[in-house]
Amino acid sequence: MIIDTHVWLSKPEHWGDQDIMDDAMYRAGWAARGLGTKTGLTKGINAEQMVEIMDEAGVDMAVCHSVKVPRLNTHVPTEWVISECAKFPDRLIPMGSVDLLGGVKSLREMEEITAMGGVGMKMTPAPSYDMALNDERLMPIYEKAAELGMIIQIHTGWSGFGRLALQHPILLDDVAVRVPELKLIVVHAGENYYEEVVMMMLKNPNMYAGTGWWGFLQPLETNVRFLKYAKHFMVLDKCLWGTDNFDCREDVPYTKSFPRLAKELNIAPGLPELTDEDIDAYLGDNAARLYGVGEG
């Protein structure tokens, strides 16, 4: 089973004033690669279009994110995402979002997300709110998510705007210690801080790492080293593949090539070799267990 754990269904008007981090990459000169392979993040993509792309790539399911940032006029509405996912309930898994500064109202909205069938939430406190990942104002949200059994996907590591110090993944260790029952996915695996993320997963049973966009952003060596490092510390079963709307038709075969390329190019020879079974786990079996779908 292949599950993309990081997908956006949206309309162009949903993004409002938010400077999507893709744009920062393109301005830095990545447009030749990025613009030809992104699958409609800024221009929007609906459920039918996403499933068509998934079919071409052999992707079985996708986890669809939402976002709500009133101060940036950015809102990929939970209700809309859930309605789109309902068109393909055996293929698309919906996640919700709330205003992280909404107080009690947002906590009530979290209950509504669960009641509507959302399995969790996406959070972007650092780039969107200029808040650290362990900001005290977020603790009631983390605690409520744990109470509801929500899976939280939270942006870490890098974005084209905001302060990088606020999105350092090590801040989530504080969250995991204070709310140990919270199922927490470190989105983008902390980018270049992936080694710290692996060590946090080793310590915190309910912490996972989702790569999301690594096929586009990170070089082959980093992709391979991350998975080998996770395998060495026996947390590869908590590593989750995702595209962040980078074209899965390109990313799936690329990811499947890691074991072969790692041997041919002698990447990280002191770490365990990757197997096809490891890649199967990373591409979907691990996510199937976490989200309780399929046979994973």
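The values are calculated or read from the model by the stated rules, or taken from the named source; none is laboratory data. The model shown is predicted, which means the values in this text are computed figures rather than measured ones. Here Cβ is always computed from backbone atoms with ideal geometry, including for glycine, and neighbour counts include all displayed protein chains. SASA here: full protein model, heavy atoms, side chains in, ligands and nucleic acids out. Shrake-Rupley method; radii C 1.70, N 1.55, O 1.52, S 1.80 Å.
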Gly212 vs. criteria under 25 Å from Met54 (Cα atoms), out of contact with any strand residue (DSSP E or B) (no Cβ under 8 Å at 6 or more places or on another chain) and of a type in the set (Gly, Ala, Ser): no
Matching residues in the stretch 75-85 - criterion: being out of contact with any Gly (no Cβ under 8 Å at 6 or more places or on another chain) and aliphatic (A, V, I, L, M): Val76
Residue count for the stretch 253-288, restricted to those that are closer than 18 Å to Ala189 by Cβ and in contact with a Gly (Cβ under 6 Å, 6 or more places away or on another chain): 2
From the options Met54, Met1, residue that is modelled with pLDDT of 95 or more, open to solvent by less than 10 Å² (accessible area, probe 1.4 Å) and of a type outside the set (Phe, Trp, Tyr): Met54
Any hit, the stretch 285-293, residues being part of a loop (DSSP other than H, G, I, E, B) and either touching a residue at least 24 places away in the same chain (Cβ under 8 Å) or over 18 Å from Phe216 (Cα atoms) (or both): yes
Residue within the stretch 80-90 that is free of Cβ contacts under 8 Å to residues at least 60 places away in the same chain, touching a helix residue (DSSP H, G or I) at 6+ places or on another chain (Cβ under 9 Å) and open to solvent by less than 20 Å² (accessible area, probe 1.4 Å) present: no
Residue within the stretch 260-277 that is of a type in the set (A, V, I, L, M), under 30 Å from Glu52 (Cβ atoms) and open to solvent by 20 Å² or more (accessible area, probe 1.4 Å) present: yes
Matching residues in the stretch 195-249 - criterion: being more than 30 Å from Gly44 (Cα to Cα), in a helix (DSSP H, G or I) and open to solvent by 40 Å² or more (accessible area, probe 1.4 Å): Glu195, Glu196, Met199, Leu202, Lys203, Glu221, Arg225, Tyr229, Lys231, His232, Asp237
Which numbered condition Glu181 fails, given (1) closer than 18 Å to Ala281 by Cα; (2) part of a loop (DSSP other than H, G, I, E, B): (1)
When residues of the stretch 94-124 are limited to those that are among the hydrophobic types (A, V, I, L, M, F, W, C) and assigned to a helix (DSSP H, G or I), the one farthest from Asn46 (Cα to Cα): Val104
